[in-house]
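Quick one: structure below, then a few questions.
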Amino acid sequence: MEALRISSLPSLQFPTKFDKSQPKKLTISGFNPHPTSSFPPFQRTASSAFKTFTAVQSSVSTEPANPPDPSLKNPTQEEKFDWYTQWYPLMPVCDLDKRVPHGKKVLGIDVVVWWDRNESAWKVFDDACPHRLAPLSEGRIDQWGRLQCVYHGWCFNGSGDCKFIPQAPTDGPPIHTNKKACVAAYPTTVQNGIVWFWPNSDPQYKDVLAEKKPPYIPELDDPSYSGPMGNREIPYGYEVLIENLMDPAHVPYAHYGIMQMRQPKGKHYVEKLDINGFIAKQEWGRSKFLPPCVFYVSPLDPLEQGNGLHHQVSSAQRGLLIFICIPVSPGNSRLIWTFPRNFGIWIDKIVPRWMFHIGQNLILDSDLYLLHVEERKIMEAGPAQWQKACFVPTKSDALVVGFRKWLNKYAGGQVDWRGKFSGALPPTPPREQLLDRYWSHVVNCSSCSAGYKGLKVLEVVLQFAAFALVGIVAATKQAAISVAARTTLVAAAILSFAASKWLAYFIYKQFHFHDYNHASGDLVNLAHRAFSLIQQ
């Protein structure tokens, strides 16, 4: 297990822009973080990395807290970021079932994702049947591989054309060929194991993939790398989600008792910021924000030469931290994460993906409530007043400030919902619902869903075994069985029943709801304790 300890991850040379027609390569060199964590080694490679490898000690700047920024002039029309001329990720392919359609929301747009076996491709449509606007995501794939609305049975091919209306008379005009019977189909592609779509169904964008591609990260397609993906629906907005992932200084406090990390002193700052995002430098590495969704981190062991990006290759071990943040609706976002690495990859072949997700969900939950409340306070002040409402005088806030600067200068200060919402956030639900894992993750993760079902079956088997053993003892005459055998059966029944109760508690904690007390750092996590024992 010790071989899995992270000793070095990649250095990265960042392209300043992505060519519209060619995917860009990310060049890696070396890195050597030294985190300490109570997670076991295979958890640290994925779970501890989830919030970055180090937390940076805040160093107070002597500069004004909110200095005027001359760069924040009104951008020209060419510099305005258009939220609707971008590629958006929907879900990892590994978590999509080809047998059924899946409903998702991005930018407030309800879409249905389904597998068209006739074209061997994923398709993304408006999630509304043109007949009576029933959700197509509640439909089915029929025997001919068409998407069928289960309200009245209308069927659509991979282009969105209606191919069959059961209620149409056979001897009448072919009403299914009417343009009004078609459903809007969006440009769609699969890249890096993720389904992406272009949120505009206008025919002029039919071939948009030839002109502009989603951000490409070659390590995700490299067979020498491994890194299980995860996804989760987040009950706070896109802006707060990205800020949190760009903020390493919160790790030892918001995740107290989960992640233990050193706090080296060092500068970090945004090096280049334009409409295409920004590059940032931290003591422990470099990162890049590629709007609207991709934020990735390359931990390094830098030996700087002047102001260049020259780094000594200290090891052949390489990796990245990749976070994909998706705006869903006000107060809601979706996170896709993966940490590709070219070492310790054998562990991903023997450990189920859901076991990694236990630790990663634990980290997400431990600051979820904080961020949910924080977003509401920001909205009360007004997104445009963020710089005045938040006091950010330390160097550790550099990336957060950089993101807000990009958002205000180029993207209108917030996500463009195009009038779909009033701007108000949804009400705060009860804590158990807010921190729910089942509907926000388990049902959307093929591995966790399978693990959940398997453990539930095991729970029932243990309960059945307990009652069966008790029944055997009760039905057997004393003369037919020895005292020792009878005692053994009773003990086995008690153990089976106790094991079923423990398993039920474990399932609830890991797949439904797990609270966190920040005041005491009290977090009873049975899996975490078990993994720690294995490590020792």
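The values are calculated or read from the model by the stated rules, or taken from the named source; none is laboratory data. Note that the structure is predicted; figures quoted are calculated from it, not measured. No Cβ is skipped: glycine too gets one built from the backbone with ideal geometry, and neighbour counts run over all protein chains shown. Please note that ligands, DNA and RNA were not included when accessible areas were found on the heavy atoms of the full protein model with its side chains. Shrake-Rupley method; radii C 1.70, N 1.55, O 1.52, S 1.80 Å.
Restricting the search to segment 129-153, which residues are touching a residue at least 24 places away in the same chain (Cβ under 8 Å) and open to solvent by less than 30 Å² (accessible area, probe 1.4 Å)?
C129, L136, S137, G139, G145, L147
Additional query: Take S137 and decide whether it is hydroxyl-bearing (S, T, Y) and either modelled with pLDDT under 95 or farther than 29 Å from W439 by Cβ (or both).
On the way: hydroxyl-bearing (S, T, Y): yes; either modelled with pLDDT under 95 or farther than 29 Å from W439 by Cβ (or both): no.
Spelling it out, it is not the case that S137 is hydroxyl-bearing (S, T, Y) and either modelled with pLDDT under 95 or farther than 29 Å from W439 by Cβ (or both).
Can you name the condition, by its number, that V400 falls short on among (1) open to solvent by 10 Å² or more (accessible area, probe 1.4 Å); (2) more than 30 Å from D110 (Cα to Cα); (3) β-branched (V, I, T)?
Just one mismatch for V400, condition (2).
To keep it simple, each residue is scored yes or no on (1) open to solvent by 10 Å² or more (accessible area, probe 1.4 Å); (2) closer than 30 Å to K409 by Cα; (3) assigned to a helix (DSSP H, G or I); (4) at pLDDT 95 or above.
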| residue | (1), (2), (3), (4) |
| --- | --- |
| S298 | no, yes, no, no |
| N307 | yes, yes, no, no |
| H311 | yes, no, no, no |
| R334 | no, yes, no, yes |
| H357 | no, no, yes, yes |
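Among the numbered criteria (1) in contact (Cβ under 8 Å) with a residue 12 or more places away in the chain; (2) under 18 Å from V400 (Cβ atoms); (3) open to solvent by less than 40 Å² (accessible area, probe 1.4 Å); (4) out of contact with any Leu (no Cβ under 8 Å at 6 or more places or on another chain), which single criterion is violated by G382?
So the condition that G382 fails would be (1).
Here is a list: K453, K377, K395. Which entry is of a type in the set (D, E, K, R), out of contact with any strand residue (DSSP E or B) (no Cβ under 9 Å at 6 or more places or on another chain), open to solvent by 40 Å² or more (accessible area, probe 1.4 Å) and assigned by the TED database to the domain that holds N276?
Being of a type in the set (D, E, K, R), out of contact with any strand residue (DSSP E or B) (no Cβ under 9 Å at 6 or more places or on another chain), open to solvent by 40 Å² or more (accessible area, probe 1.4 Å) and assigned by the TED database to the domain that holds N276 holds for just one of K453, K377, K395, which is K377.
Can you tell me which residue in segment 411-440 is farthest from E380 (Cα to Cα), limited to those that are touching a Gly at 6+ places or on another chain (Cβ under 8 Å) and surrounded by 13 or more Cβ atoms within 10 Å (Cβ to Cβ)?
So, considering only residues that are touching a Gly at 6+ places or on another chain (Cβ under 8 Å) and surrounded by 13 or more Cβ atoms within 10 Å (Cβ to Cβ), the one farthest from E380 (Cα to Cα) is W417.
Table: residues versus (1) modelled with pLDDT under 80; (2) open to solvent by 10 Å² or more (accessible area, probe 1.4 Å).
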residue	(1), (2)
D247	no, yes
A280	no, no
P292	no, no
D301	yes, yes
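Report, by residue number, each residue of segment 109-128 that is touching a residue at least 40 places away in the same chain (Cβ under 8 Å) and surrounded by 15 or more Cβ atoms within 10 Å (Cβ to Cβ).
Across segment 109-128, the qualifying residues are I109, V111, V113, D116, W122, K123, V124, F125, D126, A128.
Among what's in segment 381-411 and is small (G, A, S) and under 25 Å from the mean Cα position of the chain (by Cα), pick the residue that is nearest to K267 (Cα to Cα).
Step by step, filter segment 381-411, then rank; the result is S396.
Is it the case that segment 163-184 has a residue that's surrounded by fewer than 16 Cβ atoms within 10 Å (Cβ to Cβ) and within 30 Å of W346 (Cα to Cα)?
Within segment 163-184 (the criterion being surrounded by fewer than 16 Cβ atoms within 10 Å (Cβ to Cβ) and within 30 Å of W346 (Cα to Cα)), the answer is no, since none of the residues qualifies.
With more than 24 Å from D82 (Cβ to Cβ), open to solvent by less than 10 Å² (accessible area, probe 1.4 Å) and in a helix (DSSP H, G or I) as the only criterion, which of L364, L407 stands out?
The unique qualifying residue is L364.
Does F506 count as outside the structural domain of S366 (by the TED database), open to solvent by 40 Å² or more (accessible area, probe 1.4 Å) and modelled with pLDDT of 95 or more?
No: the conditions fail for F506.
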